[in-house]
Amino acid sequence: GNSVTQMEGPVTLSEEAFLTINCTYTATGYPSLFWYVQYPGEGLQLLLKATKADDKGSNKGFEATYRKETTSFHLEKGSVQVSDSAVYFCALSEGFQKLVFGTGTRLLVSP
Amino acid sequence: EAQVTQNPRYLITVTGKKLTVTCSQNMNHEYMSWYRQDPGLGLRQIYYSMNVEVTDKGDVPEGYKVSRKEKRNFPLILESPSPNQTSLYFCASSSWGQGVNTEAFFGQGTRLTVV
C-alpha cells in the first residue's frame, strides 16, 4: 500500500536557522502531496501542497518540491521563527477521500 | 467562519461504556472522515463518508461505528470502548470534486482516555 516516511524528531533549531524536514513516499499512481502543520492544542492545517511532479508548493516562507524521481517532498524554510514550533506532517492523497500521513516531525525553535 | 467542530475536546471513560464523539462542519462539504492519531503512527483513517447515507471503512474501523444522516454531521460511536482506543481523534471534511486533493479541514481533536 501507499506510505509516507518522515524523519524522526524532534528537530531543535535556533531562530533564523535553516530548516529541512525530509519526507519520502511510496505510492501507486500519481498522488497529490501535502504538508500539514499542527500547532499545540489545535487540529491540522494545510501548509502547502503539490499536485504533480516538479510542482513547488509554498506558503508562509515554507517550500517543498514534488520530486517523482526520488519520491520525495522535503519541507524547507530559510529562516525559522519561534512561532513555527509545531508538529509537521507529510501526507499523500489516496483517491479523493483519504490522506495517508507520515508519523509527524516535531519542530522546536528557540529564541 | 469556516470550521469543523468536535465535542467533547477531552473525555475519560470506563471500558464498555458507550460513547459518541460529535463532529459538525459548516462548509457544506460532502466528504467527511475520522482519523485517530497515535505516537509513532501518525494519523490513520477510521471511517469516511462521501455524502449523506454513504459511509465506508478506512484502515482501522474495528470497534467504531459512524452515521451520516445529515450533511453537516458525522458522529463517531464507540459501542464498547476498550483501553486500546485511547487516542487523539480528529474529524475532517473536504469538498466534492477533488476531495482531499484540494484541502482537508480538521477539527481541534478529541482526546479520549479509556480506563
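Computed from the coordinates by the stated procedures, all read-outs in this text should not be read as laboratory data. Only a predicted model underlies this, so the values are computations on that prediction, with no experimental measurement involved. So basically every Cβ, Gly included, is an ideal-geometry build from the backbone, and we count neighbours across all protein chains shown.
The residues on offer are B:Y64, B:Y31, and the sole one that is crowded, with 18+ Cβ neighbours inside 10 Å, farther than 20 Å from B:L112 by Cα and within 13 Å of the chain's Cα centre (by Cα) is B:Y31. Beta carbons closer than 7 Å, at least 6 apart along the sequence or on distinct chains, pair a first residue in segment B:43-61 that is more than 10 Å from every other protein chain (Cβ to nearest Cβ) with a second that is surrounded by 17 or more Cβ atoms within 10 Å (Cβ to Cβ) and of a type in the set (S, T, N, Q) for B:Y47/B:S33; B:Y47/B:T55; B:T55/B:S49. Residues in segment A:64-111 that are aromatic (F, W, Y) and within 14 Å of another protein chain (Cβ to nearest Cβ): A:Y66, A:Y88, A:F89, A:F96, A:F101.
Could you tell me whether segment B:9-22 includes any residue that is facing chain A (nearest Cβ under 10 Å) and in a strand (DSSP E or B)? No, every residue in segment B:9-22 fails to be facing chain A (nearest Cβ under 10 Å) and in a strand (DSSP E or B). Answer yes if at least one residue in segment B:75-85 is closer than 20 Å to A:F89 by Cα and either touching a Pro at 6+ places or on another chain (Cβ under 9 Å) or crowded, with 18+ Cβ neighbours inside 10 Å (or both), and no otherwise. No, segment B:75-85 contains no residue that is closer than 20 Å to A:F89 by Cα and either touching a Pro at 6+ places or on another chain (Cβ under 9 Å) or crowded, with 18+ Cβ neighbours inside 10 Å (or both). If a residue has to be part of a strand (DSSP E or B), closer than 28 Å to B:R9 by Cβ and touching a residue at least 24 places away in the same chain (Cβ under 8 Å) to count, how many in segment A:22-47 make the cut? Final tally of qualifying residues: 7.
This table checks each residue for (1) surrounded by fewer than 17 Cβ atoms within 10 Å (Cβ to Cβ); (2) over 25 Å from B:L41 (Cβ atoms); (3) out of contact with any Gly (no Cβ under 7 Å at 6 or more places or on another chain).
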{"site": "A:K49", "(1), (2), (3)": "no, no, no"}
{"site": "A:A53", "(1), (2), (3)": "yes, yes, yes"}
{"site": "A:K60", "(1), (2), (3)": "yes, yes, yes"}
{"site": "A:T71", "(1), (2), (3)": "yes, no, yes"}
{"site": "A:G78", "(1), (2), (3)": "yes, yes, no"}
{"site": "A:Q81", "(1), (2), (3)": "yes, yes, yes"}
{"site": "A:D84", "(1), (2), (3)": "no, no, yes"}
{"site": "A:K98", "(1), (2), (3)": "no, no, no"}
{"site": "A:T103", "(1), (2), (3)": "no, no, no"}
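Being within 8 Å of chain A (Cβ to nearest Cβ), farther than 18 Å from B:N7 by Cβ and among the polar types (S, T, N, Q) is a property that holds for B:N101.
Given B:L88, B:L112, which one is more than 11 Å from chain A (Cβ to nearest Cβ) and surrounded by 14 or more Cβ atoms within 10 Å (Cβ to Cβ)?
B:L112
Of the strands (runs of 3 or more DSSP E) lying entirely inside segment A:59-111, those carrying at least 1 residues that are touching a Pro at 6+ places or on another chain (Cβ under 7 Å) and touching a residue at least 24 places away in the same chain (Cβ under 8 Å) are A:86-94, A:105-110. Among the strands (runs of 3 or more DSSP E) confined to segment B:23-115, the ones with at least 2 residues that are more than 24 Å from A:V37 (Cβ to Cβ) are located at B:42-51, B:54-57, B:76-78, B:110-114.
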